[in-house]
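The values are calculated or read from the model by the stated rules, or taken from the named source; none is laboratory data. The structure presented is a predicted model; accordingly, all values stated were derived computationally and were not measured. Please note: Cβ atoms are built from the backbone with ideal geometry, for glycine as well, and neighbour counts cover all protein chains shown. Please note that ligands, DNA and RNA were not included when accessible areas were found on the heavy atoms of the full protein model with its side chains. Shrake-Rupley method; radii C 1.70, N 1.55, O 1.52, S 1.80 Å.
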Amino acid sequence: MKEPIKPYGDTLNDGMVQLSFTLPVENGPRAMKAAEVYVSQLNFNKISVVHAQKISDGFTYFMVYAEANPSIDYSTIEATEMEFEHMDFYTINALIKETLNRPLRVVGGTIGNDAHTVGIDAIMNMKGYNQDYGLERYPEIDADNLGSQIPCQEMVEYAVRHHADAILVSQTVTQKDSHILHLTELIDLLDKQGLRDQYLLLAGGAKISHELAIKLGYDAGFGPGTLPSQVASLLITKIIERAA
Amino acid sequence: MPQIPINTQQITKSKQLAKEIADQVQLFINDHASVSVERSVLRLYGVDGIDHNDTPLPNRLVEILQQQGDLNGGISRPFASAMLKSGLNAQQTAEQVEQGQLKLDNIANFSSIELDNREQALALEAIKVMDRSNARKHAKIAKNPLPPQPWRYLIVATGNIYEDCTQAESAAYSGADMIAVIRSTAQSLIDYVPYGPTTEGFGGTYATQANFRIMRDTLDKASIEQGRHIRLVNYASGLCMAEIAACAAFEDLDVLLNDSMYGILFRDINMQRTFIDQHFSRLICARAKILINTGEDNYLTTADAVDNAHTVTASQLINEAMAKNAGLTDDLLGLGHAFEINPEIENAFLYELAHAELARALFPDAPLKYMPPTKYKSTDIFYSHCMDTLFNMASVMTHQGIHLTGILTEALHTPLMQDRYKSISSVNYVFNAARGLGDELEYKQNGFIVKRAQQVLDEAEALLERTKLDGLMQTIEQGAFGDIKRPMEGGKGLEGVFEKGVNYTNPVMDLLEGRS
């Protein structure tokens, strides 16, 4: 059964979309017209350029409302979804004890030249994020946060030496796709050394989606706003799956 | 001002404790120097440029001296001797030394009076570098005055200095008073200052002397167009604190992020190294009238902003005392703090006001640096924009000095031109609409805000007591700041620290500290 959909404003199938962008031209009637023509070439109808503002010499910022033309068939859409139950701190600890009868060993860090620890710290540090305890706080998890700018080789060696169950990789800087480069480098390194299947591999960061992580060869990916307990839930779920 | 009643005796006592803590560290600093301090001396003597491997000449010369085993006497005297021998200027002499045509070990060929005189002349020239920069900045501000506080601080971070200039022009057009060029990721961890204009960086643009000059020229033009002096900010914290201060003095920078505590905790720089480097860096800033910003705001990104508010206050007090030991005056102290409380906490804004007013009351003459929310920023950019608007209100109400403009896409990407415009339009609106609000308000005695401010000060005082007993380095080892533990012998850069020999000379430092 087909399910055609398009954006919703205040009436079903009105296709209403809001856009904002900058053009490298001086503001004026021609600039406004250029914005309208540009949006029409993106296949929109009933375009109204509601706001145009000079933001520098030769640059104008626009806000535009327009009606989108295409409909898509929702019934044909598939996405890579993570399948796991979000459990709480106590349930997770109990499950780890029951399944492994030893602590779950997790090593994490920010790889490559990325110096940001905000993501990995939110997940791993004792304190956690948004009132949700970090992995270091879990009695059944041995969590080692290596910090930032960890060379991939060092990360792998550490995981081998400490018999890790899982490797958590954070990437915040995405300029020039540096996050993709770093994440790929780690996978290649593990592949080369025949270690890929030894570990659960998780990627996280503001611009990381589960889909991207899967595409790159990771077991899961976590985007912004992820709670430590979500990561821990996924880890124990996967461990149980593997054991079965 | 101050708007909030705080026990003045308690303030005096806390400042005394901080002074004693800073003086303990100073005893260690006085007996040591570092490769970076020596390289800064060479830069101030006029040595610049790179060798065929792109290694800066200041690094090469210090390495040569180190390989000879003569570093503990400092670079100044061997270099002065090499100049006497070559009869050339500093740059040409450095090139000859680098090429092996001249040695750094022939001190014995000259009388100590000849060497003293040469060193003194070089040091006086170095001082002039700083004084001339200060004079140029004064002249610019006389023509295009400084705007009222809070100063609107905006970042650019494209990786390409020329694209940064386009972004900075736009920011200035929309109302920016200060432009900070974010450094390329991890520059703080490289033990040299890159050379020349750069067009590729990650998460930012390399701090190089050439990039400083290119952006300063752009902002000089923007200042004339806008009729207000637009200040240039860069970042010194890391392994090259003093060298970046020297480069900044050559190129008329107005502000440097300059904080060892930040380097130790957030970049894992060795604490001994960076306390030594910081002192010389701050001496240069004091002379060239470069305003320093400190990084206490970062503590609240790793530790809880309510539970650990007092660590920010304690660190500000210590940073103030260390800055004063380097001759920095109140008007040059951009002590840092932040608006980082979880927005879901009831009365989060009241806590923020209490913390902001406490900082204001403790440092009434310092242009405090106020950092916008980052930790709880959402990828819902419209929600983030609302958070920034409330932050703008807190800033103008509590008379902050340097307002780091929050960007609605903080949690997403380095700012687009339009992101910056949206953010500053909120700042302009709130600052204008509520300019005099803080002067109209008094806080309720024994109300929530006053009690909270008092509690933070009490906790800060207790932490200072403990830090004084244990020593600052030991307290950092225990993880008292930002919930991060750093060992005294750990981190990056310790190998660049050395004990000053009996024959150590650094006449630039002597002049800056008023010893000769």
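How large is the accessible surface per residue of region B:40-153, computed with a 1.4 Å probe and reported in Å² as a whole number?
Value for region B:40-153: 46 Å² per residue.
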With all distinct Cα pairs included, what does the Kirkwood hydrodynamic radius of region A:4-74 come out to in Å, to one decimal, could you say? 12.7
For region B:32-125, what is the relative contact order in percent, using Cα pairs closer than 8 Å and at least 6 residues apart in sequence? 30
Find which of B:462, B:22, A:122 sits farthest along the positive direction of the dipole of the protein assembly as shown, computed with +1 on the beta-carbon of Lys and Arg, -1 on that of Asp and Glu, about the Cα centre. B:22
Set of lysines near residue B:103 by C-alpha distance (under 16 Å), chain-local residues within fewer than 8 positions excluded: B:85
The protein assembly as shown: percent of C-alpha pairs farther apart than 44 Å? 30
When the Karplus curve 6.51 cos²θ - 1.76 cosθ + 1.60 is applied with θ = phi - 60°, which whole-Hz ³J(HN,Hα) does each residue of region A:93-104 get, with x for Gly and Pro? 4, 4, 5, 4, 4, 5, 7, 9, 6, 7, x, 7
Output the residues of region B:164-179 meeting this criterion: accessible area (heavy atoms, 1.4 Å probe) in the chain alone minus accessible area with all protein chains in place is 30 Å² or greater. B:173
Given a 1.4 angstrom probe, I'd like the percentage of the accessible area of region B:21-136 that is carbon and sulfur, rounded to a whole number. 47
In region B:412-431, whose amide N lies under 16 Å from the spot 7 Å out along Cα-to-Cβ of residue A:63? List them in ranges. B:418-430
Could you tell me how many degrees, from 0 to 90 and to the nearest 10, lie between the Cα long axis of helix B:76-86 and the main elongation axis, the longest principal axis, of the Cα atoms of chain B? 40
What nm distance separates the two modelled labels at residue A:98 and residue B:108, each placed 7 Å from Cα along Cα→Cβ? 8.2
Top positive-direction residue, dipole computed over chain B with Cβ charges, set B:429, B:223, B:353: B:223
Other chains' Cβ within 10 Å of B:416-422 residues: what's the mean? 5
Folded to 0 to 90 degrees: helix B:381-397 orientation relative to chain B principal axis, Cα: 80
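Add +1 for every Lys or Arg and -1 for every Asp or Glu among the other residues with Cβ under 12 Å from the Cβ of residue B:483, and state the total.
Details: positive: A:127, B:485, B:486; negative: A:121, A:136, B:304, B:307.
Net local charge, residue B:483 excluded: -1.
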Ordering of B:484-495, B:221-232, A:1-12, B:271-282 by burial proxy (mean other Cβ atoms within 10 Å per residue, highest first): B:271-282, B:221-232, B:484-495, A:1-12
Relative contact order, percent, of chain B when contacts are C-alpha pairs under 8 Å separated by at least 6 residues? 21
Highest to lowest packing among B:92-104, A:108-120, scored as the average C-beta count within 10 Å: A:108-120, B:92-104
From the protein chains alone at 1.4 Å, what is the descending order of accessible area for A:96, B:107, largest first? B:107, A:96
Would you mind checking the radius of gyration and Dmax of region B:143-449 based on alpha-carbon positions, in Å? 18.1, 57
Only Lys, Arg, Asp and Glu count, each charged at its Cβ (+1, +1, -1, -1), so figure out the dipole size of region B:300-382 about its Cα centre, rounded to 20 debye. 260
Name the aspartates and glutamates eligible as straight-distance cross-link partners of residue B:221: C-alpha to C-alpha under 19 Å, and not fewer than 8 places from it in the same chain. A:57, B:163, B:164, B:169, B:177, B:251, B:252, B:254
For residue B:497, the net charge from surrounding residues (Cβ-Cβ under 13 Å; K, R +1; D, E -1) works out to -4
Solvent-accessible heavy-atom area per residue, rounded to whole Å², over region A:39-155 at 1.4 Å: 51
Longest principal axis of chain B (C-alpha) makes with the long axis of helix B:35-45 (C-alpha) an angle, in degrees to the nearest 10, of 80
Average silhouette area of chain B, convex hull of alpha-carbon atoms, in square nanometres: 22.8
Between chains A and B, total accessible area buried, probe 1.4 Å, no ligands or nucleic acids, nearest 100 Å², roughly 2600
Helical contribution to [θ] at 222 nm, DSSP H n ≥ 4, -39,500 (n - 2.57), averaged over chain A, rounded to 500: -10000 deg cm²/dmol
Output the relative contact order of chain A, whole-number percent, from Cα pairs under 8 angstrom with separation of 6+ residues. 17
When each of B:19/B:485; A:54/A:176; B:13/B:377 is checked by Cα-Cα distance, pairs over 30 Å: B:13/B:377
The size of the Cβ-based charge dipole (Lys, Arg +1; Asp, Glu -1) of the protein assembly as shown about the Cα centre, to the nearest 20 debye, is 1740
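How big is D, in µm² s⁻¹, for chain A by Stokes-Einstein at 37 °C and 0.692 mPa s if Rh is the Kirkwood radius over C-alpha pairs?
Details: Rh = 20.9 Å.
For the chosen part, D equals 157 µm²/s.
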State the percentage of accessible surface on region B:143-449 attributable to carbon and sulfur atoms; use a 1.4 Å probe and exclude ligands, DNA and RNA. 51
For n ≥ 4 DSSP H runs only, could you compute -39500 (n - 2.57) per run for chain B, divide by its residues and tell me the 222 nm figure to the nearest 500? -17000 deg cm²/dmol
Would you tell me the mean number of C-beta atoms belonging to other protein chains that fall within 10 Å of each C-beta in A:49-59, as a whole number? 4
Quick one: pull the percent of accessible area on region A:89-243 belonging to carbon and sulfur, 1.4 Å probe, ligands and nucleic acids left out. 51
Please check region A:166-202 for residues whose accessible area, probe 1.4 Å, is lower by 20 Å² or more when all protein chains are in place than in their chain alone. A:173, A:175, A:176
Would you work out which of A:235, A:29, A:101 lies farthest towards the positive end of the dipole of the protein assembly as shown? Charges go on Cβ: Lys and Arg +1, Asp and Glu -1. A:29
Three-way shape label, region B:32-125, alpha-carbon gyration tensor, a/c 1.5: rounded
Per-residue average of other protein chain Cβ atoms inside 10 Å, peptide A:125-137 -> 2
Quick one: which bits of region B:467-489 get at least 10 Å² less accessible when the partner protein chains are in, versus the chain alone, with a 1.4 Å probe? B:483
Please state the shape class of region A:70-181: rounded when a/c is under 1.5, otherwise prolate if a/b exceeds b/c and oblate if not, all from the C-alpha gyration tensor. oblate
Exceeding 23 Å between C-alpha atoms, which entries from my cross-link table qualify? They are B:143/B:289; B:128/B:289; B:468/B:492. B:468/B:492
